[in-house]
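Contents: one structure, followed by commentary.
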Amino acid sequence: MKIGFIGIELEEGKVKYQDEKLTALAQKDKTKKITPFFAEFIKDEITQTDVIVITKDNILDLLINDMEKIETRIKNLEEGAEKQLMQKCLEQLEQEKPLCNVDFTEAEHKILITLSSPSYKPVVLLNGDENANTIITLALEKSNQMFFYTSGVLESHAWIVDKGSDIVTCAGKIHTDLARGFIKGDIVSYEDYMNHHNFNDCKSKGVAKLVDRDYIVQPNELLEIRFNV
C-alpha cells in the first residue's frame, strides 16, 4: 500500500505495521519466519498512491485540484446527468468535503472513476499528531481493507485484502496456484486459533470450518487452502 501524505511530519519510505496479532501468532507457533505488512509513505504525492492522508488544516491543498478540474469539465459539458453530477461534486468540494466521503449511486461511481480525482481516492483526515502505525490503521480502514493470516512453524504471514473478498481471492493473494487449483478452504478465527495447539487441533476439535469457493473471509481469520494443479 502506498500512502501519500500532505502537511504531516513523517519520514518517507517503507514502514512495518506493528501487528500485535501477527506477533502473537509467531510466538505461539514458534515460527521460523515472520512476514509483516509494510506500507510505503510518499510525501506530497497524490497521483501514484492508494490512500491520501492530510491534516484538516491543509485539506484545501488537495481539494482545489479537484475543483479546478471539475469546473473545466462543467464548462465543456452539455446539460444532462454528467453535468449534474459534476455540479454535485463541486458543491461538496466547496464545503471542504473529499469526494470519497460523498454518497454516490453506482452509475455516478462509474463516471467518477474516469475523472481520476485525487479526493475520490480514500482520504484520511488527521489532526496532525498521529504516528505512522495509527495512520496505517486508519488508511486500511478508509480503503475498506482487512487482514487475514497464514501461520505455522515455517512462517507467520499477514495479508491484506478488500473486505468482502471470497476465499479464492484470498488464496490468490498467497499464490496464484492456490486460486487456480482451489478445491476447499479451512478457516478458523484468530481467537479460536490462539486457544488451540495448532491448525490440525482446530480441525479435530471442530472449531475450524471447511468452506467452498464462495465463502466470504472475515477479518483476522486464518486460512489453509486445499488445492490441486
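For the range 162-179, the set of residues classified as farther than 16 Å from residue 229 by Cα and touching a Phe, Trp or Tyr at 6+ places or on another chain (Cβ under 8 Å) consists of 166, 167, 170, 173, listed by residue number. Are any of the residues in the range 164-176 farther than 30 Å from residue 65 by Cα, in contact (Cβ under 8 Å) with a residue 24 or more places away in the chain, in contact with a helix residue (DSSP H, G or I) (Cβ under 7 Å, 6 or more places away or on another chain) and small (Gly, Ala, Ser)? Yes, that holds for at least one residue.
Taking the listed residues 105, 55, 31, 47, the one that is among the hydroxyl-bearing types (Ser, Thr, Tyr) and more than 27 Å from residue 161 (Cβ to Cβ) is 55, with no other qualifying.
Can you find a residue in the range 47-68 that is touching a residue at least 60 places away in the same chain (Cβ under 8 Å) and more than 22 Å from the chain's Cα centre (by Cα)?
yes
Checked against (1) in a loop (DSSP other than H, G, I, E, B); (2) at negative phi; (3) out of contact with any strand residue (DSSP E or B) (no Cβ under 8 Å at 6 or more places or on another chain); (4) of a type outside the set (A, V, I, L, M, F, W, C), residue 96 passes all but a single condition, namely (2).
Taken together, 185, 128 contain a single residue that is out of contact with any His (no Cβ under 6 Å at 6 or more places or on another chain) and either within 27 Å of residue 49 (Cβ to Cβ) or in the same structural domain as residue 49 (by TED's automatic domain parsing) (or both), which is 128.
The values are calculated or read from the model by the stated rules, or taken from the named source; none is laboratory data. All values derive from a computational prediction rather than experimental measurement. Ideal geometry is used to build each Cβ from the backbone, glycine not excepted, and the neighbour counts take in all protein chains shown.
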